[in-house]
Every structure is written in structure tokens, then in C-alpha cells.
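Chemist: For reference, the structure I am asking about is given below.
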Amino acid sequence: MEAITLEGVGFAFPGQPPLLHDVNLRVGEGEVVAVVGPTGCGKSTLLHICAGVIPHFVSGELTGRVQVLGEETRQSTLARIAARIGTVTQDPENQLFNLIVADEVAWGMENRAWTREEIGAGLARALDFFRIPHLRDRITYDLSGGEKQRLVLAANYAPRPDLFILDDPTSQLDPIGASEVLAGIRDLSESGHTILLVEGKLEEIWALVDRVVLIDHGTVELDAPRDELHRHLDVFAAAMVPLPQLVELGARLRRGGVPVPPLPPDVEGAAASLASTTVAPAQAAPEAAAPPAAAPGAAMDPPRLRVSGLAYTYPPPRRTEALKGVDLVLPAGSVAAIVGQNGSGKTTLARCVSGHLRPTRGTVEVSGRDVQRMSVRHRAAAVGYVFQNPDHQIFKDPVLDDVMFGPLNLGMGGDEARESAERVLRALDLWDVRDLHPFRLSKGGRQRLAIAAIAVMRPPVLVIDEPTTGQDVHESHAIMALLRDLARESDQTVVVITHAMNLVAAHCDLVAALCQGELIAFGTPEQVFRDEELLRRTFVKPPPVTALGNRLGLEPRPLTLDEAVARFAAGALRAACE
Amino acid sequence: MRPLYQFSGQDSFLHRLDPRTKLIFVVSYLLISFLVPQPWILFFLLIAAIWALAGISPVEYYPFLLLMLPIMVAITLVHTFLIEGAPYFWSVQLGRVEVGVSIAGLYTGLELGFRLGTMGLAFTLFAMTTEPFQWGMSMYRWGLPYKVAFLFAFAIRLYPLIQEEFIVIQRALKARGSNALSSFNPLRFFPGVVTTAVPLGLGAIRRSQDVAMAMELRGLNLPEETGRPRVLFRDVRLRAVDIAIMAACVLVLAGLVVARLVARSLR
């Protein structure tokens, strides 16, 4: 029996053109199907249709036939459909309603009128299944992001649903949290559950997925078994959806005539597959190697940003020593990434640099001036800080006024502020939407707006906390490229806090890795990503192609897929000539 | 430091009491503070009780005390200057008006200030030691519809998140060069509050929509659909100690009221 059947399904929000049309999809019992596609293609809408949220909670024009677990969703009610489905969405914070973990897991079973004994047994089973029995009596808002999302999974699992619908459940999590949740999803798939999921990290779920459905232009562009995806490189490229880096490497090499087998997404597997061939990547000439890094404390006159002996301990009762004497010097015109696991001190460092926290010890200087000695206005002019959630930084309507808000606060005249705002909005491709309410922009648009609103003040140092969270790969690269252009053209120092190592490798000049409040590595991405053992301490993994370069001893290490393809293709060409 | 009025999550004598018992205790304590002449004793007694019986030291809620202090001082000063009558600590004749610092005013101001502080502290005790859902479910047991009781408890659960969001928004405002929320000038402060309300309000609306959907997906309306009543896994029940404390509160309060009435009739 099929768990989900969609036939000729279309959907349009009221007064808007159709978002989905002619969607045909079948998900068999016990199957794990991943839905991928660019931002705004309708992936989440498709999941809402399958979960019964459309048409019962979200209104719009739904056409075609939707049958889930043998029931036509239009003929049923949301409560009855939801009783048989476990649905997990992106933000765990919006899916936790109780204060105590045990109450949260029990809640769904209470609503189903299970007896107390049944609820007790279901609670224990769900907590054990997701390996969180130790959290049973904890307060939900004290949990980490990964723990919260595992709790949401457990709460959905406890009433024994027949189908799981998971909408990008790891997109808001740090690498540790994401790996915890992915382990939970892996357990679900191994125990034979039917799963329909949207997940941006295709390489992470590769092993557990049976089929991948690619949505683009409002419909299903591709529905193929996982192991055949490498044959459809063009379809993925047209939709600007990346395949796992090493799978794509293999596919692109084969297309270029390089005799390699289809590569698996994991580094060890890919290295083993390549070892069985005669293909050897080209080693670059020594002069092509990356330039040496600006070491901490290196002489730069004048240093744009100098962090000296920075320490910060949170006040009681927390008393955590978040930074333990960090030294860092960043030059003007550079893009630097701060990486490390949650709790490593990244955000504390960024907040000390931007003056939002007063260090316990040490100093932060921008162009030789101590940030702590500046007034709020001078500090805002010296160090721009873009927070992680763009929605926390929208203060004015429309877009143009929001961007002008900062310069006006700094005492700029109206005409000058408007001129500056226009220049930044044009650079960020937001000029055409200048008269819209900021909340009408897409998440990517709002993220660009948050950057514009700070960049317009032309601060010499720009600190950005997770600029690409929740963005698809294409948008993420666009934002990072934009930051690099800002750094180059305006001679700004851009500091980015991020977990996306492929973006760091492709766009950043320098990387600072923090671990438990200490700087453990600093240099160019090529230098820092060499020492995987050191980076493992802070849960940082180099991009797969760089890690493959580490395994194969490539000099210098490839940082992007394009670099890796070029190196292997050149190696194959040389081998053919010889 | 926890956000103000947030459940502390510990296990103590006060935490284990039924929310209804604590509510009756808090209301009784407030009324008692109006009946006894030296409310500062009750204020400090409450701090000691929170420390001894709930294991929460004042360090954990000092922001609340800091918040109350200027209000208490202001009330005391206003009364010290406004209430006339000898003896005076100090006085000066300004034309036909005598401005002075009266001892009677100081005492009245201190009494009112500490009563206000005691009220705030009593509610802090309740909030820090009462799990919102136990509170909601105890209201449900006293006849409030389940959805109303649950959503009321959920609103309290949401409060610390909104408080944290507010702090982030306040920082974001500073990052845009505005120090309005730290200004003592009302012409700068209130526009700053309005500016902050935009992201805070829109964020709350967005969050409430997502939460409502998630609740429906987890079966909030299932009992009404199926006609099978909801089962509470962790029910709330009054214990003997709860009933004893409630009775003691009522008795002490009644005793004080009677004593006051008798004292007044004897005068």
C-alpha cells in the first residue's frame, strides 16, 4: 500500500499565481523519500499538503487528488489526519509547548486519550529510541538546539504514527545538533518507518534515502532512486541544487571523460574508489600555492582589528568562562570566518568585538581605538553587527526607510542617507523592492536587508552572525560573494560566524577556529583545513573535496568543487599524454 | 541570571506545593503586609523564605530587586517631602511655604515602598517556584476549560523567550546607532519602545501561527473530534500539607483582621 499518493496536485495561495502544479508523487510504505529544490520552490508547501495542513489550516486553492494513508485529506479533518502522522518542522522552539521534557512527550498521547500506563510506556519507549532518557525531567528551554529537535522527534514518535513528515529539521541547528537529529532520523529509517523529508544536507542523509524528488518551477522535475542521481547532473545544475560534493565530483569527471567510477559522498569511500583507478590529480606548482596567512599578532600597520588577550566570563549564576585570552589581528579588506562548535566562544567573541559585551580582560581595537571607550553611536559607526535572525533587526517600513534608519541615527543628513541607502540597496539587489514592507521579502531577502542596514553605515569592521542560516546553497554563495565584494571595494574587514565550511573555503581569506574559549587555529582556509585532527576537537569538518585532498596529499588542497574537478581533469589529461 | 519571573526548575519544599496553595499564600501574604505596621520585616522574611525553602538565593533574582529599588526609593522620598508634621529631620522656609523632611513622611514612604516590594517579591516567589503547566492544570481542575488553562500556561512558558528576544532586539537597535531604550528622555525613550515593538510584535505573531499549527498537528483538537476525554499523565492533587498551609493562611489572616477590628473598637 502507498502511504502518500499525489495526482495532478496544484496549489496557489489566495491572490497569487500557482506555487505548485501537476505534482505527481507516490511514497510507498517503509520508503524514505527526500524532497530537494531551490528556496521558494514549494518544498514545504508540498509537505504541508501531505500533512493535511493544506487545506485545513492554511487556505488557498488546492487542486488534484491527495491521498495520505488511504484517506483523501480533503474529506477528513486535520486532527484525524495528524493523528496518524508525525510532523517535524524547522524551528524546534515553535514545536515545544510544555515546560518539562516528559510532559512534552506525553502530550500527544494525552490528546489521544491513552491510559496513564500506556502513556508511561510510550514515554519511556520514545525517550529510549531517541537516546534521551536522561533529559526526561529537564526544562525544555534549557536544552540545546539538537536536544530540542530530538525531543520534538520523540514527541511525534511516541503516539506511534504511520508516517513521518520532516521539513528541514536540521536547518536551524549547529553541526553537533544536526548530527544528533540525523542520527535520530537514521534510527527511524532503520526501524522501517515511512519518511518524507526535506533536507538541505543531502550528503548527510545519503545512506538512508531510497529516492530523491527534485522540485523546481513548481513541479516535480526529477524523481529518481538515490544511486542514479549522478546521471542527472544537468537537472540539478539547472535547479541550482547541489549534489553531495564528492558525488558531483565523480559525475563531472566522468562527463569530462575522466575514467572514474561513480563516487560515494563520504571521503573514505571516494578515496578508495579513486585508488582503484589510474587517475591521479595534478599537483600544483609551488608558486600557485596559497599566500601565507596573517598570523595572530602579525605586524600590520595599522591593524584594522586587533583583539588582545580577550577573556570573558559570564556573570553569576552562569559563571562560564567563554573566552580565555584570545589574540587576533585582522587586516583591512579581508573576510575572516570564526568557526567552532556551539559553546566554543564564537558569539561571545563577536559580541565583545562589537562592544555588546564588556570583556573581563583584554582589549578590542578598531584602527587603534578601544571599542569599549566609544559611545553607542561611535561604536555603531566603527563596528557593524548583523544578528543571526534578520527579523530581529527590522525597525522601519518600507525597505528604504529601514536602511536609512542607521545613517540617520549617526547624524547623517536625509539626502546623504538616501544616497548611501540607494547605493547599498542596488549592490544587494534590493533597490526594486525598496517600497515594500521588509516582512514581504523572502528569508534570503530579509537577510540581505539586515546586511544592507548595517553596511550602509560603512563601519570599518562588519561582524555577521550566521549570515546563511536557512538559505539554500545558491543564496548562501550569493550572500558570501557579496560580503567579499564589500570587503574588497569598501576596504572593510568582514568577520563571519558560520558553520558552513564549504562557504568558508570558497569565500573567506582567513579562518579562526575556537575551542572552549581558546583560539586553536588561525590562517588561510587551505592552511587551517589541513589539520583535521585539531579541527575535530571543535567539531569542524573541512569541505569533502578538501578532506579528499588531505587523504590524497594534494598540494595545495583544493577548496572548492571547481578546483578539485580542474585538478583531477588536469591529472587525467597528463596521464593520458604520458 | 535567569530572565525575570522564570520558573527556576529546582526541587524544593516550595516547588512541590500545589500552585493553588502558593496562590492563596501569596494573596494572604499581601493582605497581611497591609495589616501589620512594619512591612519591611515581611519583605526580608520573604527573601529568607525563598532562600531557605526554595533554595533560590537573591543573586538569582537580583535584577528584580534592582528594578524595584528605584521605585521603592522614589515612593519613600515623595512621602518624606510631601507629608508634613513635626518632628522634621530638616526643614527650610521658602517664602510662605515650608519644605521639610518629616519623620512621619519617611515612615509612611518606607511602609508603602516595602509593601510594594513585598507584593512584587511574593509574585516572584510564585513564578520562580511554580511550573506554569502545573498552575494551568490546577486551574483546569478548578473548572477552567482545558484549552484556556493550557494556553494560559503556554503564554507563561513563552514569556522568557520573548524576554530574550527583546534583549537581542535592544542590541540590534544599538547596532543601528540608537540608544533610545537607555535614554532617560521620554521623547527619545518612547519612540524607541515603539520602534522595538515592530520586530517584537511581528515575531510574536509569526511564532504564534507556527505554534498553533504545531499544536493542531500534535492533536490539540483530537479529544473534541473523537469524543474521548483527554487523560492527564501528571495530574495535580492537593496534599495534606497544601491543605494545612491554606488553612493556616486563612486563620492568620482572619486573626489579624479580628485583632485590628478589636483594636479599633477599643480606641
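The values are calculated or read from the model by the stated rules, or taken from the named source; none is laboratory data. Being a predicted model, the structure only gives us computed values, none of them experimental. Note that we place each Cβ from the backbone using ideal geometry, even for glycine, and neighbour counts take in every protein chain shown.
Chemist: Any idea how many residues of the range A:368-394 are in contact with a helix residue (DSSP H, G or I) (Cβ under 8 Å, 6 or more places away or on another chain) and either more than 14 Å from A:Ala350 (Cα to Cα) or charged (D, E, K, R) (or both)? Before the answer, list the steps.
Modeler: Initially, the range A:368-394 is screened for residues in contact with a helix residue (DSSP H, G or I) (Cβ under 8 Å, 6 or more places away or on another chain), giving A:369, A:371, A:374, A:376-377, A:379-380, A:382-387, A:389-394.
Checking the rest, the ones that are also either more than 14 Å from A:Ala350 (Cα to Cα) or charged (D, E, K, R) (or both) come to A:369, A:374, A:376-377, A:379, A:389-394.
Qualifying residue count, the range A:368-394: 11.
Chemist: Let me ask another. What residue, of B:Leu94, B:Leu173, B:Leu106, is more than 10 Å from chain A (Cβ to nearest Cβ), farther than 30 Å from B:Ile56 by Cβ, surrounded by 16 or more Cβ atoms within 10 Å (Cβ to Cβ) and free of Cβ contacts under 8 Å to residues at least 40 places away in the same chain?
Modeler: B:Leu106
Residue-wise test of (1) out of contact with any Gly (no Cβ under 9 Å at 6 or more places or on another chain); (2) facing chain A (nearest Cβ under 7 Å); (3) in a helix (DSSP H, G or I).
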| position | (1), (2), (3) |
| --- | --- |
| B:Val148 | no, no, yes |
| B:Gln163 | yes, no, yes |
| B:Gly177 | no, yes, no |
| B:Phe190 | yes, no, yes |
| B:Gly203 | yes, yes, yes |
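Chemist: What are the residues in the range A:437-484 that are within 26 Å of A:Gly37 (Cα to Cα) and not in a helix (DSSP H, G or I), if any?
Modeler: A:Leu441, A:Ser442, A:Asp465, A:Glu466, A:Pro467, A:Thr468, A:Thr469, A:Gly470, A:Gln471, A:Asp472, listed by residue number.
Residues are listed down the side, and each one gets a yes or a no for (1) surrounded by fewer than 21 Cβ atoms within 10 Å (Cβ to Cβ); (2) under 20 Å from A:Glu7 (Cβ atoms):
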site	(1), (2)
A:Gly184	no, no
A:Leu188	no, no
A:Leu197	no, no
A:Lys201	yes, no
A:His217	yes, yes
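Yes/no per residue for (1) of a type in the set (Gly, Ala, Ser); (2) in a helix (DSSP H, G or I); (3) assigned by TED's automatic domain parsing to the domain that holds B:Glu165; (4) without any contact (Cβ under 8 Å) to a residue 60 or more places away in the chain:
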position	(1), (2), (3), (4)
B:Phe7	no, no, no, no
B:His15	no, yes, no, no
B:Leu23	no, yes, no, no
B:Tyr29	no, yes, no, no
B:Leu46	no, yes, no, no
B:Ile50	no, yes, no, no
B:Tyr61	no, yes, no, no
B:Leu66	no, yes, no, yes
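Chemist: Consider only pairs whose beta carbons are under 9 Å apart and that are at least six residues apart or on different chains; among these, list those whose first residue lies in the range B:214-238 and is facing chain A (nearest Cβ under 7 Å) and more than 18 Å from B:Pro132 (Cβ to Cβ) and whose second residue is β-branched (Val, Ile, Thr) and surrounded by fewer than 18 Cβ atoms within 10 Å (Cβ to Cβ).
Modeler: What qualifies is B:Asn221/A:Thr77; B:Glu225/A:Thr77; B:Val231/A:Thr115.
Chemist: Related question: Can you tell me which of (1) under 23 Å from A:His499 (Cβ atoms); (2) outside any strand (DSSP E or B); (3) in contact with a Pro (Cβ under 8 Å, 6 or more places away or on another chain) is the one A:Ala332 doesn't meet?
Modeler: Just one mismatch for A:Ala332, condition (1).
Chemist: Taking the criterion of being in a helix (DSSP H, G or I), modelled with pLDDT of 85 or more and in contact with a Ser or Thr (Cβ under 6 Å, 6 or more places away or on another chain), would at least one residue in the range B:118-131 satisfy it? Explain how you work it out, then say what you get.
Modeler: Start the filter on the range B:118-131 by keeping residues that are in a helix (DSSP H, G or I), which leaves B:118-129.
This time we only want the ones that are modelled with pLDDT of 85 or more, so: B:118-129.
Among the residues that remain, those that are also in contact with a Ser or Thr (Cβ under 6 Å, 6 or more places away or on another chain) are: B:118, B:128.
Among the residues of the range B:118-131, at least one is in a helix (DSSP H, G or I), modelled with pLDDT of 85 or more and in contact with a Ser or Thr (Cβ under 6 Å, 6 or more places away or on another chain), which makes the answer yes.
Chemist: Do you know which of the residues in the range A:111-147 that are among the charged types (D, E, K, R) and within 12 Å of chain B (Cβ to nearest Cβ) is nearest to B:Glu224 (Cα to Cα)?
Modeler: Start the filter on the range A:111-147 by keeping residues that are among the charged types (D, E, K, R), which leaves A:112, A:116-118, A:125, A:128, A:131, A:136-138, A:142, A:147.
Those left that are additionally within 12 Å of chain B (Cβ to nearest Cβ): A:112, A:116-118, A:136-138, A:142.
Working: A:Arg112: 10, A:Arg116: 19, A:Glu117: 22, A:Glu118: 21, A:Arg136: 29, A:Asp137: 29, A:Arg138: 30, A:Asp142: 33 Å.
Filtering the range A:111-147 for residues that are among the charged types (D, E, K, R) and within 12 Å of chain B (Cβ to nearest Cβ), the one nearest to B:Glu224 (Cα to Cα) comes out as A:Arg112.
One line per residue, one yes/no per condition, for (1) within 23 Å of the chain's Cα centre (by Cα); (2) more than 14 Å from chain B (Cβ to nearest Cβ):
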position: A:Ala452; (1), (2): yes, no
position: A:Arg458; (1), (2): no, no
position: A:Thr468; (1), (2): yes, yes
position: A:Gln492; (1), (2): no, yes
position: A:Ala512; (1), (2): yes, yes
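Chemist: Could you list, in sequence order, the residues of the range B:181-198 that are at pLDDT 85 or above and within 21 Å of A:Ala453 (Cβ to Cβ)?
Modeler: Within the range B:181-198, B:Pro191, B:Gly192, B:Val193, B:Val194, B:Thr195, B:Thr196, B:Ala197 qualify.
Chemist: Looking at the range A:85-110, which of the residues that are in a helix (DSSP H, G or I) and among the charged types (D, E, K, R) is farthest from B:Arg218 (Cα to Cα)? Outline the logic, then answer.
Modeler: If we filter the range A:85-110 for residues that are in a helix (DSSP H, G or I), which is where we start, we get A:92-95, A:101-110.
Applying the additional criterion that residues be among the charged types (D, E, K, R) yields A:93, A:103-104, A:110.
Numbers: A:Glu93: 15, A:Asp103: 13, A:Glu104: 10, A:Glu110: 10 Å.
It comes out as A:Glu93.
For every residue, the table says whether it meets (1) surrounded by 18 or more Cβ atoms within 10 Å (Cβ to Cβ); (2) touching a strand residue (DSSP E or B) at 6+ places or on another chain (Cβ under 7 Å); (3) among the polar types (S, T, N, Q); (4) assigned by TED's automatic domain parsing to the domain that holds A:Thr140.
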{"residue": "A:Val27", "(1), (2), (3), (4)": "yes, yes, no, yes"}
{"residue": "A:Val32", "(1), (2), (3), (4)": "yes, yes, no, yes"}
{"residue": "A:Pro55", "(1), (2), (3), (4)": "no, yes, no, yes"}
{"residue": "A:Ser59", "(1), (2), (3), (4)": "no, no, yes, yes"}
{"residue": "A:Arg65", "(1), (2), (3), (4)": "no, yes, no, yes"}
{"residue": "A:Leu69", "(1), (2), (3), (4)": "yes, yes, no, yes"}
{"residue": "A:Arg80", "(1), (2), (3), (4)": "yes, no, no, yes"}
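Chemist: Looking at the range A:378-420 only, could you name the residues that are of a type in the set (S, T, N, Q), over 28 Å from the mean Cα position of the chain (by Cα) and at the interface with another protein chain (Cβ under 10 Å from one of its Cβ atoms)?
Modeler: Taking the range A:378-420 as the starting set, the residues that turn out to be of a type in the set (S, T, N, Q) are A:388-389, A:393, A:409, A:420.
Going one step further and asking which of them are over 28 Å from the mean Cα position of the chain (by Cα), we end up with A:409, A:420.
Answer for the range A:378-420, where residues must be of a type in the set (S, T, N, Q), over 28 Å from the mean Cα position of the chain (by Cα) and at the interface with another protein chain (Cβ under 10 Å from one of its Cβ atoms): just A:Asn409.
Chemist: Could you grab me the full set of residues in the range A:528-545 that are buried (at least 22 other Cβ atoms within 10 Å of the Cβ) and in a helix (DSSP H, G or I)?
Modeler: Residues satisfying the conditions are A:Val528, A:Leu535, A:Pro544, A:Val545.
Chemist: Related question: Could you list all residues from the range A:554-565 that are surrounded by fewer than 16 Cβ atoms within 10 Å (Cβ to Cβ) and either at pLDDT 90 or above or not in a loop (DSSP other than H, G, I, E, B) (or both)? Let's see the steps before the verdict.
Modeler: To start, the set of residues in the range A:554-565 that are surrounded by fewer than 16 Cβ atoms within 10 Å (Cβ to Cβ) comprises A:555, A:562.
Matches in the range A:554-565: A:Asp562 only.
Chemist: Pick from the range A:349-366 the residues that are touching a residue at least 60 places away in the same chain (Cβ under 8 Å) and in a helix (DSSP H, G or I): which of them is farthest from A:Gly517 (Cα to Cα)?
Modeler: Residue satisfying both the conditions and the ranking: A:Val353.
Chemist: Follow-up. Could you grab me the full set of residues in the range A:160-182 that are buried (at least 19 other Cβ atoms within 10 Å of the Cβ) and of a type in the set (Asp, Glu)?
Modeler: Selection gives A:Asp167, A:Asp168, A:Asp174, A:Glu180.
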